[in-house]
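Participant: Supplied in structure tokens, the structure appears directly below.
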Amino acid sequence: MQVSVDRDRCCSSGMCVMNAPAVFDQDDRDSLVMLRQAVVQPEQFEDVRLAAELCPSGAITVTEDGAAGTGA
Ligand code: SF4
């Protein structure tokens, strides 16, 4: 699984950081999302999928291995 974020869409809600703090962070300057890692480890899959589902701005894209990417 890979994950990417669109900082232009992010509204700084922090939901992703709450759900998957090992993967997502927020920029100290503008509170916009930052990735700690782009490649997600298997034990993080569930948390990252939930983060993408709950992102209020659809800024998180999850790409499952061997599958086309999906948005939130
Ligand atoms: S949940 Fe979505 S809108 Fe909120 S900080 Fe993360 S990427 Fe940005």
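Participant: What percent do you get for the relative contact order of the stretch 2-63 when only Cα pairs under 8 Å and 6+ apart count?
Facilitator: Worked out over the stretch 2-63, it gives 46 percent.
Participant: Quick one: what are the phi-derived ³J(HN,Hα) couplings along the stretch 58-66, Karplus 6.51/-1.76/1.60 with θ = phi - 60°, whole Hz, x for glycine and proline?
Facilitator: x, 8, 10, 10, 10, 10, 6, 4, x
Participant: Report the Cα-based extents of the chain along its three principal axes, largest first, to the nearest Å.
Facilitator: 35, 20, 17
Participant: To the nearest 10 degrees, how steep is helix 45-54 against the longest Cα principal axis of the chain, on a 0 to 90 scale?
Facilitator: 50 degrees
Participant: Suppose R0 equals 25 Å; then what is the FRET efficiency for LEU54 and ARG29 from their Cβ-Cβ distance, rounded to the nearest 0.05?
Facilitator: The value I calculate is 0.55.
Participant: Given H placed 1.01 Å from N in the peptide plane, which residues other than close sequence neighbours of PHE24 have an amide H under 5 Å from its amide H?
Facilitator: ARG36
Participant: Please compute the modelled spin-label separation between ASP65 and GLN2, points set 7 Å along Cα→Cβ, answer in nm with one decimal.
Facilitator: Going by the 7 Å Cα→Cβ label model, 1.4 nm.
Participant: Run the helix sum for the chain: -39,500 (n - 2.57) per DSSP H stretch of 4+ residues, divided by residue count, reported at 222 nm to the nearest 500 deg cm²/dmol.
Facilitator: Taking each H run of at least 4 residues, the total per residue is -5500 deg cm²/dmol.
Participant: Residues with beta-carbon under 10 Å from that of VAL17, excluding VAL17: net charge, scoring Lys, Arg +1 and Asp, Glu -1?
Facilitator: 0
The numbers here are math on the coordinates, done by the rules we state, and not lab data. These numbers come from a predicted model, not from an experiment. As a convention, Cβ positions derive from the backbone with ideal geometry for all residues, glycine included, and neighbour counts pool all protein chains shown.
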